[in-house]
1. Looking at the stretch 238-269, which of its residues are over 17 Å from Ser396 (Cα atoms) and among the hydrophobic types (A, V, I, L, M, F, W, C)?
2. Counting only residues that are closer than 17 Å to Lys72 by Cα, surrounded by fewer than 20 Cβ atoms within 10 Å (Cβ to Cβ) and either of a type outside the set (A, V, I, L, M, F, W, C) or not assigned by TED's automatic domain parsing to the domain that holds Gly78 (or both), how many does the stretch 104-138 have?
3. With (1) in contact with a helix residue (DSSP H, G or I) (Cβ under 8 Å, 6 or more places away or on another chain); (2) part of a helix (DSSP H, G or I) as the list, and Gly286 as the residue in question, which single condition is left unmet?
4. Would the stretch 188-199 turn up any residue that is modelled with pLDDT of 75 or more, farther than 18 Å from Ser298 by Cα and in contact with an Asp or Glu (Cβ under 8 Å, 6 or more places away or on another chain)?
5. Evaluate the stretch 74-95: report whether one residue or more is in contact with a His (Cβ under 7 Å, 6 or more places away or on another chain), assigned by TED's automatic domain parsing to the domain that holds Pro46 and of a type outside the set (A, V, I, L, M, F, W, C).
6. Looking at the stretch 58-96, which of the residues that are within 22 Å of Asp47 (Cβ to Cβ) and in contact with a Ser or Thr (Cβ under 6 Å, 6 or more places away or on another chain) is modelled with the lowest pLDDT?
7. In the list Val249, Val223, which residue meets the criterion of being modelled with pLDDT under 85 and under 15 Å from Arg308 (Cα atoms)?
8. Any chance you could count how many residues in the stretch 59-79 are aliphatic (A, V, I, L, M) and in a loop (DSSP other than H, G, I, E, B)?
Amino acid sequence: MKPAAILGLICAAAFAPHSAESHTRSQSHSVWEINGQFVDVVVTIPDIEANRLAPDAAPVTPDRLSDYLTEKTYAIAGGKRCVLIPPVLPLSALAGFRKFDFTFKCDSAANLQIHSGAFFDLVPSHTNFAQVQNAATGEFTEQLITNEHQTIDVTGGTGSRLKNASFFEFIRMGTMHIFTGVDHMSFLLGLVLISRRLRDLVFVVTGFTIGHSLTLALAVTGVLRPHAEYIDALVALTIALIGAENIVVQTRQPKWIALGAVVCMGLMALFQFLGFGGLPGLLLLGAGLFTANYLLISGNLRDAGRLRMLITLVFGLIHGFGFAADLLELQLPTERLAELLVGFNLGVEVGQLALVAGATMLVVGLRKIRLALPRPIVVDVASTFLVALGVFWFVSRSYA
């Protein structure tokens with residue numbers, strides 16, 4: 001596989017039609033307080049979101065915005081929409097933001113749900129960051145409300161299931177997270193490809209495990225809370241990097257692929273500075289420099305096994321935030337966070353070991369019955385696929 005072919009592949013994916021379809025990231029924030037049958041919500045909207053209600057550039061009045069919010073944002077009890085209690089109060093907010101406070105009365109305090117459909121009709125990729133406080137139980141949870149998940153159970157739903165779940169349920173969740181996550185499985189299979197010896201495989205899996213365990217704990221406990229959309233894109237980049245490293249090790253010509261990565265990410269950063277959306281420009285430039293240096297170093301080392309332990313630790317940090325993003329969509333029981341983290345991590349390790357062991361045994365079995373292709377061919381084909389898949393996901397997630 002010639003480096004020029006990979007360079008063309010990277011640039012072709014990076015400048016596919018996704019750029020033309022990009023848009024400014026859209027988000028809002030809500031704080032919900034549940035007190036028996038009463039549900040109070042405070043919604044904070046950036047002016048840029050409020051102005052979407054007036055495509056003719058006319059000023060959006062507070063009454064128009066409050067009517068829109070109360071129509072799209074409400075509480076539900078027993079499958080029935082709760083009643084809005086006037087008035088809707090505009091609150092003071094920072095410059096560039098609008099804030100409103102309104103309250104609902106529900107027929108019952110059981111089986112409560114919160115619903116936020118505001119702005120999804122205007123921007124399907126809109127995200128609402130919701131904080132939910134239950135005054136009766138003292139429970140506090142954070143939720144991501146998206147177009148696909150506009151309604152969240154706050155009593156008797158997922159949170160209750162996790163609160164009463166067994167330790168083995170947490171392990172099962174971690175295991176299934178690996179087997180149902182195509183991006184994480186692709187990355188792990190890339191680690192198998194890149195490891196020529198069992199010792200190398202132990203090094204990379206160990207580094208990955210340490211990394212994702214650390215950031216999963218930091219994110220779930222609230223010490224760090226990165227942007228989920230950035231993490232999804234960076235997870236895709238790690239997949240492309242694993243494939244690209246396999247290729248530069250085979251060809252011993254890392255400079256062309258490293259140069260291609262810097263140029264493509266530099267152009268994506270330039271487009272972002274010009275207002276075409278995507279990841280932050282500085283993040284793209286940093287990722288480009290990291291990619292280039294990583295490929296240059298690995299492509300010029302005779303034995304990069306120990307270096308890969310450090311690199312996969314960095315990759316594990318990114319994937320750990322990816323694991324946490326999915327967990328944070330659930331109502332995590334604060335009193336069982338430690339148990340959940342240990343069980344979920346154990347489940348992830350079970351899934352990882354099963355996947356790596358299965359792939360390794362398949363390769364050994366094919367060799368024994370002499371059906372295995374020469375390793376250079378397998379590495380070239382599989383690595384090219386990983387690069388194509390990783391770049392496609394990276395670009396599409398950067399502009400989604």
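The values are calculated or read from the model by the stated rules, or taken from the named source; none is laboratory data. Just so you know, these numbers come straight off a predicted model, no measurement behind them. Reconstructed Cβ throughout: ideal geometry from the backbone, glycine too, with neighbour counts over all protein chains shown.
1. If the condition is that a residue be over 17 Å from Ser396 (Cα atoms) and among the hydrophobic types (A, V, I, L, M, F, W, C), then Ile242, Ala244, Ile247, Val248, Val249, Trp256, Ile257, Ala258, Leu259, Val262, Val263 are the ones that fit.
2. Count: 6.
3. Every listed condition holds for Gly286 apart from (1).
4. Within the stretch 188-199, none of the residues are modelled with pLDDT of 75 or more, farther than 18 Å from Ser298 by Cα and in contact with an Asp or Glu (Cβ under 8 Å, 6 or more places away or on another chain).
5. Among the residues of the stretch 74-95, at least one is in contact with a His (Cβ under 7 Å, 6 or more places away or on another chain), assigned by TED's automatic domain parsing to the domain that holds Pro46 and of a type outside the set (A, V, I, L, M, F, W, C), which makes the answer yes.
6. Val88
7. Answer to the selection: Val249.
8. The total comes to 1.
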